[in-house]
Amino acid sequence: MDIKEYKTIDMLTTDSVSILTQKFIVLDGVKTQVGNNHRCSYANSIQGRQTLQTSEPEHVVNAVLTIWGELPTVGPTA
């Protein structure tokens, strides 16, 4: 029985993002959630971008950075 983890980019703005993580198993042919939803938010700041890149899979990071662009919008460089 494999546990599959799903990441959903939620509440994405130019200044922040929330990533929803859910885990599921297939039990008797039915996809069933295991555990509770988990959310982690990141600010479009230098530190927020670094934390996003070390905490989330590459495909999630790339999707968020496509919207955020090259430069942070929150913090001293905004």
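The values are calculated or read from the model by the stated rules, or taken from the named source; none is laboratory data. Owing to the predicted nature of the structure, the values given are computational and were not obtained by experimental measurement. Glycine also receives a Cβ, built like all others from the backbone with ideal geometry; neighbour counts cover every protein chain displayed. All accessible areas refer to the heavy atoms of the entire protein, side chains included, with ligands and DNA or RNA removed. Shrake-Rupley method; radii C 1.70, N 1.55, O 1.52, S 1.80 Å.
In region 45-58, what residues are open to solvent by 40 Å² or more (accessible area, probe 1.4 Å), closer than 17 Å to Lys7 by Cα and either in contact (Cβ under 8 Å) with a residue 24 or more places away in the chain or outside any helix (DSSP H, G or I) (or both)? The one that is open to solvent by 40 Å² or more (accessible area, probe 1.4 Å), closer than 17 Å to Lys7 by Cα and either in contact (Cβ under 8 Å) with a residue 24 or more places away in the chain or outside any helix (DSSP H, G or I) (or both): Pro57.
Is it the case that some residue within region 32-44 is in contact with an Asp or Glu (Cβ under 9 Å, 6 or more places away or on another chain) and not in a strand (DSSP E or B)? Yes, that holds for at least one residue.
When the criteria are applied in full, Pro72 meets the requirement of being touching a residue at least 12 places away in the same chain (Cβ under 8 Å) and farther than 30 Å from Met1 by Cα.
The condition (being open to solvent by 40 Å² or more (accessible area, probe 1.4 Å), of a type outside the set (Ser, Thr, Tyr) and modelled with pLDDT of 95 or more) is satisfied by just one residue among Val64, Val34: Val34.
Restricting attention to region 1-31, report how many residues are part of a strand (DSSP E or B) and open to solvent by less than 80 Å² (accessible area, probe 1.4 Å). Talk me through it step by step, then tell me what you get.
Looking only at region 1-31, we keep the residues that are part of a strand (DSSP E or B), and these are 4-10, 16-27, 30-31.
Narrowing further to those that are open to solvent by less than 80 Å² (accessible area, probe 1.4 Å): 7-10, 16-22, 24-25.
So the answer is 13.
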